[in-house]
Amino acid sequence: MPIRFYFDVENGRETLRDPDGVEAADLAEVLAEARSVIQEMAADICADDPGTAWMLVVRDATGAVVARLPIRR
(Lines give C-alpha, C1' and ligand atoms only; values in the text may rest on other atoms or scores of the structure.)
Protein backbone atom coordinates (compact mmCIF):
# COMPACT_ATOMS: atom_id res chain seq x y z
CA MET A 1 0.00 0.00 0.00
CA PRO A 2 1.51 3.38 -1.00
CA ILE A 3 2.46 5.90 1.65
CA ARG A 4 2.19 9.67 1.12
CA PHE A 5 5.34 11.72 1.65
CA TYR A 6 5.91 15.47 1.39
CA PHE A 7 8.99 17.34 0.15
CA ASP A 8 9.50 20.65 1.94
CA VAL A 9 12.33 23.03 1.04
CA GLU A 10 13.95 25.04 3.81
CA ASN A 11 16.97 27.26 4.38
CA GLY A 12 16.89 27.99 8.11
CA ARG A 13 14.91 31.21 7.63
CA GLU A 14 11.94 30.00 5.62
CA THR A 15 10.19 26.77 4.79
CA LEU A 16 8.31 26.11 1.57
CA ARG A 17 5.76 23.40 2.37
CA ASP A 18 4.71 20.76 -0.14
CA PRO A 19 0.90 20.68 -0.01
CA ASP A 20 0.44 17.73 -2.39
CA GLY A 21 3.11 15.17 -1.65
CA VAL A 22 3.93 12.00 -3.56
CA GLU A 23 3.07 8.38 -3.00
CA ALA A 24 5.78 5.78 -2.58
CA ALA A 25 5.92 2.15 -1.52
CA ASP A 26 8.58 2.73 1.12
CA LEU A 27 11.31 5.02 2.39
CA ALA A 28 13.88 3.79 -0.16
CA GLU A 29 11.56 4.66 -3.04
CA VAL A 30 10.76 8.13 -1.70
CA LEU A 31 14.45 8.88 -1.10
CA ALA A 32 15.22 7.99 -4.72
CA GLU A 33 12.44 10.36 -5.78
CA ALA A 34 13.79 13.05 -3.45
CA ARG A 35 17.24 12.81 -5.03
CA SER A 36 15.65 13.20 -8.46
CA VAL A 37 13.76 16.29 -7.29
CA ILE A 38 16.99 17.76 -5.91
CA GLN A 39 18.73 17.30 -9.26
CA GLU A 40 15.89 19.11 -11.00
CA MET A 41 15.79 22.09 -8.63
CA ALA A 42 19.40 22.47 -7.45
CA ALA A 43 20.66 24.75 -10.22
CA ASP A 44 17.80 27.23 -9.83
CA ILE A 45 17.78 27.33 -6.05
CA CYS A 46 21.55 27.56 -5.70
CA ALA A 47 21.80 30.25 -8.41
CA ASP A 48 19.06 32.39 -6.82
CA ASP A 49 20.69 32.36 -3.39
CA PRO A 50 24.25 30.96 -3.63
CA GLY A 51 25.27 31.79 -0.04
CA THR A 52 22.37 29.96 1.58
CA ALA A 53 22.26 26.27 2.50
CA TRP A 54 19.02 24.69 1.32
CA MET A 55 17.61 21.35 2.45
CA LEU A 56 14.93 19.06 1.10
CA VAL A 57 12.99 17.81 4.11
CA VAL A 58 10.97 14.63 3.60
CA ARG A 59 7.93 14.23 5.87
CA ASP A 60 5.56 11.29 6.15
CA ALA A 61 1.77 11.56 6.28
CA THR A 62 1.85 12.23 10.04
CA GLY A 63 4.20 15.18 9.53
CA ALA A 64 7.22 13.42 11.02
CA VAL A 65 10.54 14.21 9.34
CA VAL A 66 12.01 11.03 7.86
CA ALA A 67 14.97 12.55 5.98
CA ARG A 68 16.89 15.77 5.40
CA LEU A 69 18.88 16.02 2.19
CA PRO A 70 21.12 18.95 1.21
CA ILE A 71 20.31 20.68 -2.05
CA ARG A 72 23.58 21.18 -3.95
CA ARG A 73 24.55 21.51 -7.59
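Observations on the model:
- Restricting 68, 4, 17, 13 to those that are at pLDDT below 95 and of a type in the set (Lys, Arg) reduces the list to 13.
- For residue 21, the test of being of a type in the set (Gly, Ala, Ser) and loosely packed, with under 10 Cβ neighbours inside 10 Å is failed.
- When the test is whether a residue is among the aliphatic types (A, V, I, L, M), part of a helix (DSSP H, G or I), under 18 Å from residue 66 (Cα atoms) and more than 12 Å from the chain's Cα centre (by Cα), residue 28 passes it.
- Counting residues in the stretch 48-59 that are closer than 12 Å to residue 6 by Cα, hydroxyl-bearing (Ser, Thr, Tyr) and either without any contact (Cβ under 8 Å) to a residue 60 or more places away in the chain or touching a Pro at 6+ places or on another chain (Cβ under 7 Å) (or both) gives zero.
- Restricting the stretch 31-73 to residues that are among the β-branched types (Val, Ile, Thr) and part of a loop (DSSP other than H, G, I, E, B), the residue that is nearest to residue 13 (Cα to Cα): 52
The values are calculated or read from the model by the stated rules, or taken from the named source; none is laboratory data. Computed from a predicted model, the values in this text were never measured in an experiment. Cβ sites come from the backbone with ideal geometry, for glycine too, and all protein chains shown count toward neighbours.
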